[in-house]
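Where a number appears in this text, it was derived from the coordinates with a stated rule and is not lab data. None of the values given here were measured: they were computed from a predicted structure. As a convention, Cβ positions derive from the backbone with ideal geometry for all residues, glycine included, and neighbour counts pool all protein chains shown.
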C-alpha cells in the first residue's frame, strides 16, 4: 500500500516528535508499505523517510523543481523515485493521486493546508481514502477544538469529524491507515 505522510519540514522541533515519526516510518516500511511524501530531508519529513529507508521500504518523494535552486528546504535524495514538479499545487496533486491512505503528523501551515485539502476532497466526495491524524503529544488539540467550535457555530457540518481518524500513537496510525478503506470500517477496528 502507498501511504502518504504529510508533516513538518522544520529542523528546529523537539526530538521527541522526530524520534516518534522516524520510528513510524520504519514500522510503515517493515509492514510492506511504500512511503509517499514531500521529499524534504529536514523535520518530520526527513524523519519519516529515514525511518522508511531503515525499514527497507520503497520511498517516493515529490517536490517542486525550484527547491533545487533556492535555500528553502533540503531535498531528501535517497528516494527510490524522486518526482520534480513545477508548482506546490502540482506536488500536492501527485501525492494525493499516488496515495492510497494519508497519515498527517505534526506540522506547520503547509501540513495544515495538506490536511484540509484532503479533508475537503473527502467531504465533496472526490476522494474516499483514509485520513489518519497523528495527534502526538496533543499537537493538534487546539486545531481540533477550533474545528469543534466551528461545528458548534454551524460553519462546519458535524459529519466533518467522521472524515478522519485521530489517534495519538504512531503504531496505531499506521495500522489504521493500512486496514481502513472507509471510516465506518475504522470505527469497527477501533472498537474490536
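Once you have the Cα-Cα distance between residue 171 and residue 116, take 0.36 nm times their residue separation minus that, and quote the gain in nm to one decimal.
Full extension of this stretch gives 17.5 nm more.
Any idea how far apart residue 126 and residue 151 come out in nm if each label point goes 7 Å out from Cα toward Cβ?
2.3
Please give the calculated 222 nm ellipticity per residue for the chain, where each DSSP H segment of at least 4 residues contributes -39500 (n - 2.57) and the sum is spread over every residue; nearest 500 deg cm²/dmol?
-14000 deg cm²/dmol
Helix 15-30: angle to the longest alpha-carbon principal axis of the chain, degrees 0 to 90, nearest 10?
90
Ranking request for peptides 84-91, 111-118, 56-63: highest mean number of other beta-carbon atoms within 10 Å first, then the rest in descending order.
56-63, 111-118, 84-91
Using only alpha carbon pairs under 8 Å that are at least six residues apart, calculate the relative contact order of the stretch 35-114 and give it in whole percent. Numbers along the way, then the final one.
Details: 110 pairs, mean separation 24.9, N = 80.
Once divided by the residue count of the stretch 35-114, the mean separation gives 31 percent.
Where the Cα atoms of the stretch 2-191 are projected onto their three principal axes, how long is each span, largest first, in whole Å?
Taking the Cα atoms of the stretch 2-191, the three principal extents are 45, 32, 32 Å.
When a/c is below 1.5 the answer is rounded, else prolate if a/b is larger than b/c, else oblate, so apply that to the stretch 102-173 with a ≥ b ≥ c taken from the square roots of the Cα gyration tensor eigenvalues.
oblate
Under the classification rounded if a/c is under 1.5, otherwise prolate if a/b is larger than b/c and oblate if not, where does the stretch 1-43 fall, given a ≥ b ≥ c as square roots of the Cα gyration tensor eigenvalues?
Note, shape of the stretch 1-43 comes out oblate.
If each residue of separation counts as 0.36 nm, what is the full-extension length gain between residue 66 and residue 109 once their alpha-carbon separation is subtracted?
13.6 nm
Where both residues lie in the chain, what percent of DSSP beta bridges are antiparallel, nearest 5? All intermediate terms of the calculation are to be shown ahead of the outcome.
Numbers: 1 of 23 bridges.
Roughly 5 percent of the beta bridges in the chain run antiparallel, per DSSP.
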